[in-house]
Amino acid sequence: MAASRIVIENCAIATVDADDTEYASGYVVVADNRIEAVGAGTAPAHLENVVRRIDGTGHLLTPGLVNTHHHFYQWITRGLATDHNLFNWLVALYPTWARIDASMAKAAAQGSLAMMARGGVTTAMDHHYVYPRGSGDLSGAIIGAARDMGVRFTLARGSMDRGEKDGGLPPDFAVETLDGALAATAETVDQHHDASFDSMTQVAVAPCSPFSVSTELMKQGAELARAKGVRLHTHGSETVEEEKFCHELFGMGPTDYFESTGWLGEDVWMAHCVHMNDSDIAAFARTKTGVAHCPSSNARLAAGIARVPDMLKSGVPVGLGVDGTASNESGELHTELRNALLINRLGAHREAALNARQALRLGTFGGAQVLGRAEQIGSIEAGKLADFVLWKVDGIGHSSIADPVTALVFGAAAPVTASFVNGQQIVEHNRLLTADEDAIARVARDEAQRLARIAAAD
């Protein structure tokens, strides 16, 4: 059967390929769910079975944005503990999060996904690690929400087995046993992980953090992931308090601890990595361990400025993350392009830290790298999956910025005229085509209020 083709023409294109190829005016041809061709000028004549032509005049076409770190459930606890550092913020919010159930998780996932998708995210991930007893099928609810939204998705199936009685931060009733966490994680991988090129759903093994997880769960979690052939994710080196905690409990810093438990490698990516010295960065570069850089969340929690320019120079794979919306209330990734550039320029490298194209690469190809999907997504190249965004850059917010990539990164949040995932359009003129945004907002508000009532009654 002949492939159905979509042709997008007359737009600026930033391919984010290995050569950073760009076209001031070019075209992209999509055949079913793959990019078939990209080039300058107009599309080839006499293409067969063209079902749609899109005039991209006044637009920049880029790869879809790839989110590499998030906590969807936090959508229904936004705006709380706004003046806390990480540890105090966690202590304040864990008792509320520990009351989440499947209905709440679904509503929160829908809200998180909707906000990202309408802002240009085509591949999302969720690091969900709160599994209270009797809360229902949380993983299934989250995966179902992503499937219904039409977004490519990685569930990082998290876990915690170090509760308050063992010196951890979460309440004891919100943590799992070692064996229970490993068994549930294995079951999630078996039920939901799709390793195919076209995969819309993948699963990673993701114990939460050194201060909420036992060493045995870290070690056995790594062994489980490698036995199943899936990736590994956790939080690392986020705050100075975490550094102190690791030295007190393990007698070493976070990076050395991770290496001792099998948690460095090209199949691993870690969120934050703010407090990294030269030897830490060298270890990540040597092992090709990836980083999810979350600039807004790091600023919200006063965690510090990650050394992203040094990581990139050393060859560490780096992508961008929204992080949970209880520490980044906007819930958007396209604003992280700008924030990554600006915040890193406050660091040691100043104006040479990052430029617009490096920021775009972090949010696209860099994200694909750390999720282990650089062969399939993250750049506009023939043979890759058709995940791309048309950004409107000829409106009042951007028309006088001569360079479209600079307009996207330095300017106001650009409107999304169209967003495609797997060759299917999911956003049109900043509105979702796959879900009712108003209904999502109502349900999320109701579930947030229900969670607040339950937490207050305890």
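The rows are residues; the columns are (1) farther than 30 Å from ASN33 by Cβ; (2) basic (Lys, Arg).
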| position | (1), (2) |
| --- | --- |
| GLY180 | yes, no |
| GLN191 | no, no |
| ASP194 | no, no |
| PHE197 | no, no |
| ALA206 | no, no |
| THR215 | yes, no |
| LYS228 | no, yes |
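Residues are listed down the side, and each one gets a yes or a no for (1) at pLDDT 95 or above; (2) crowded, with 17+ Cβ neighbours inside 10 Å; (3) assigned to a helix (DSSP H, G or I):
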residue: SER209; (1), (2), (3): no, yes, no
residue: MET218; (1), (2), (3): yes, yes, yes
residue: LEU224; (1), (2), (3): yes, yes, yes
residue: THR234; (1), (2), (3): yes, yes, no
residue: GLU248; (1), (2), (3): no, no, yes
residue: MET252; (1), (2), (3): yes, no, no
residue: LEU264; (1), (2), (3): yes, yes, no
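The residue of segment 340-355 that is nearest to the chain's Cα centre (by Cα), among those that are buried (at least 20 other Cβ atoms within 10 Å of the Cβ) and assigned to a helix (DSSP H, G or I), is ALA340. The set of residues in segment 236-246 that are assigned to a helix (DSSP H, G or I) and surrounded by 23 or more Cβ atoms within 10 Å (Cβ to Cβ) contains only GLU242. All of GLY158, GLY168, GLY140 fail the test of being at negative phi, in the same structural domain as LYS288 (by TED's automatic domain parsing) and in contact with a strand residue (DSSP E or B) (Cβ under 7 Å, 6 or more places away or on another chain), apart from GLY158. Cβ separations smaller than 9 Å between residues 6+ apart or across chains give no pair from segment 335-352 residues that are closer than 13 Å to LEU320 by Cα and outside the structural domain of MET311 (by TED's automatic domain parsing) to residues that are modelled with pLDDT of 95 or more and buried (at least 16 other Cβ atoms within 10 Å of the Cβ).
The conditions are (1) in a loop (DSSP other than H, G, I, E, B); (2) in contact with a Lys or Arg (Cβ under 9 Å, 6 or more places away or on another chain), and ALA146 fails exactly one of them. Which is it? So ALA146 meets the others, but not (1). Within segment 301-320, is there a residue that is farther than 21 Å from GLU266 by Cβ and within 17 Å of the chain's Cα centre (by Cα)? No, that holds for no residue.
Against the list (1) aliphatic (A, V, I, L, M); (2) out of contact with any Ser or Thr (no Cβ under 9 Å at 6 or more places or on another chain); (3) modelled with pLDDT under 95, the condition VAL175 fails is (2). Taking segment 148-183 as the range and being surrounded by 14 or more Cβ atoms within 10 Å (Cβ to Cβ) and more than 14 Å from SER212 (Cβ to Cβ) as the test, the residues that pass are ASP148, MET149, GLY150, VAL151, ARG152, PHE153, THR154, LEU155, ALA156, ARG157, GLY180, LEU182. For segment 149-165, the tally of residues that are part of a strand (DSSP E or B) and either farther than 25 Å from PHE388 by Cβ or in contact with a Phe, Trp or Tyr (Cβ under 7 Å, 6 or more places away or on another chain) (or both) stands at 3. Exactly one residue among THR21, THR77, THR15 is under 22 Å from the mean Cα position of the chain (by Cα), under 30 Å from GLN202 (Cα atoms) and assigned by TED's automatic domain parsing to the domain that holds LYS384, and that residue is THR15. Checking every residue in segment 192-204 against the condition of being part of a helix (DSSP H, G or I), crowded, with 20+ Cβ neighbours inside 10 Å, in contact with an Asp or Glu (Cβ under 9 Å, 6 or more places away or on another chain) and at pLDDT 95 or above gives zero matches. Checking every residue in segment 382-389 against the condition of being in contact with a His (Cβ under 7 Å, 6 or more places away or on another chain) and on the phi < 0 side of the Ramachandran plot gives zero matches. Quick one: count up the residues across segment 75-89 that are under 15 Å from GLU238 (Cβ atoms) and either in contact with a Gly (Cβ under 8 Å, 6 or more places away or on another chain) or crowded, with 21+ Cβ neighbours inside 10 Å (or both). Residues meeting the conditions: 1.
Taken over segment 389-427, the residue count meeting the criterion of being within 14 Å of PRO63 (Cβ to Cβ) and part of a strand (DSSP E or B) is 8.
The values are calculated or read from the model by the stated rules, or taken from the named source; none is laboratory data. In this text, all values refer to a predicted model and were calculated from it rather than measured experimentally. Here Cβ is always computed from backbone atoms with ideal geometry, including for glycine, and neighbour counts include all displayed protein chains.
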